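The values are calculated or read from the model by the stated rules, or taken from the named source; none is laboratory data. Since the model is a prediction, treat every value here as computed from it, not as a measurement. Neighbour counts run over all protein chains shown; Cβ positions are idealised from the backbone, glycine included.
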Amino acid sequence: MQPRAVTVGHIVYDIRNYVQAFPEPDHTAVMRMHPKAGGGGSAANIAVNLCKLGIAAGVVGNVGNDRHGKFLLEELRRFKVDTSQVRIFRGMSGLSVIIIDAQGEVRVIEDFGVADRRRAIDKDYIRGAEFLHMSGCALHLLESASKIASKAGLPISFDPGRAASHLGERALHRVLSRVDFLIINRKELFALTGSRDESEAERLARKYNLVAVIKQGSRETIVKTRQASSFKVEPFHVKPVDTLGAGDAFCAGFITGIMEKRSLYESVRFASAVAAAKVLRKGAQSLPSRRFITEKFKI
């Protein structure tokens, strides 16, 4: 199957620990419920969410030849994600140990395992798609995927996350020059540019001829366009159960909006609704159905 959208980045195994409050040094955090495990990694999460939203998607990433890798492949296929470009390497699959407090906020401890292992990317697989999304991963994967998609004339979105924003603007400048949509939060903006101020996002939009979308969780989303104009989109307010994967849900909603030819404003608004729906459920790949999202948020 040739997917309409391709994601590139991490596929990891999540172990989620739900606590009343985050532990202080030399103190114990008491669990609110038994630990849970499931699929994770931004590229995998976004591909799963796209499929749930009605966009056929495939993921380019790596897993290990361990039991976690087998589980991750089975989960992706269960969600109808195309896994033909997932490579299996000898070694440990990426692993995230996640702590989630009573307010739904998260802390993450991560071992990428083989997730960033150097590998070739099938050019025809990306060329045959309609959209490329890149999440935080090794620079060589970002360089390769963005170069292929740019030459093919595909729209490209990029959410560097924790994994790539720390590389900084200088290291990522070739990647950024090929990107149409940069999706980022303020911490990542700081890691990328040295400043949390939205004027830096405006500068990036002008310099690299892209649209910068600043995610702010429960606050409004800020959008800076290529023409250096700016607008804000109010969030949908819900009581979060688990914010894990909310940013990935936002990305999937945004991509869906763009692929469905919605305006930039309406694409961001739809993304906000998708993110709000995700935080109502536990786990990174627990997004409710599109029908649920449409009916609950009237969007």
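Some observations on this one:
- Taken together, the residues in the stretch 205-225 that are part of a helix (DSSP H, G or I), of a type outside the set (S, T, Y) and surrounded by fewer than 22 Cβ atoms within 10 Å (Cβ to Cβ) amount to 2.
- Number of the condition not met by A275 [criteria: (1) within 27 Å of R32 (Cα to Cα); (2) in contact (Cβ under 8 Å) with a residue 24 or more places away in the chain; (3) not in a helix (DSSP H, G or I)]: (3)
Conditions (1) at pLDDT below 95; (2) within 25 Å of G38 (Cα to Cα); (3) more than 17 Å from the chain's Cα centre (by Cα), marked per residue:
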position	(1), (2), (3)
E110	yes, yes, no
R117	no, yes, yes
K123	no, no, yes
L132	no, yes, no
L141	no, yes, no
P155	no, no, no
L176	no, no, no
L182	no, no, no
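Every residue, every condition in (1) closer than 15 Å to I214 by Cα; (2) modelled with pLDDT under 95, yes or no:
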{"position": "V241", "(1), (2)": "no, yes"}
{"position": "G245", "(1), (2)": "no, yes"}
{"position": "D248", "(1), (2)": "yes, no"}
{"position": "G253", "(1), (2)": "yes, no"}
{"position": "G257", "(1), (2)": "no, no"}
{"position": "R262", "(1), (2)": "no, no"}
{"position": "K278", "(1), (2)": "no, no"}
{"position": "A284", "(1), (2)": "no, yes"}
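- Qualifying residue in the stretch 241-251 (condition: more than 30 Å from K36 (Cα to Cα), in contact with a Ser or Thr (Cβ under 9 Å, 6 or more places away or on another chain) and not in a loop (DSSP other than H, G, I, E, B)): no
- Taken over the stretch 186-220, residues that are among the polar types (S, T, N, Q) and either at pLDDT 95 or above or more than 28 Å from R16 (Cβ to Cβ) (or both) amount to 4.
- Matching residues in the stretch 33-65 - criterion: being surrounded by fewer than 19 Cβ atoms within 10 Å (Cβ to Cβ) and over 20 Å from K278 (Cα atoms): H34, N65
- Residue count for the stretch 90-120, restricted to those that are more than 30 Å from L280 (Cα to Cα), surrounded by fewer than 18 Cβ atoms within 10 Å (Cβ to Cβ) and hydrophobic (A, V, I, L, M, F, W, C): 1.
- Count of residues meeting criterion [within 13 Å of the chain's Cα centre (by Cα) and either assigned to a strand (DSSP E or B) or without any contact (Cβ under 8 Å) to a residue 40 or more places away in the chain (or both)] in the stretch 1-20: 4
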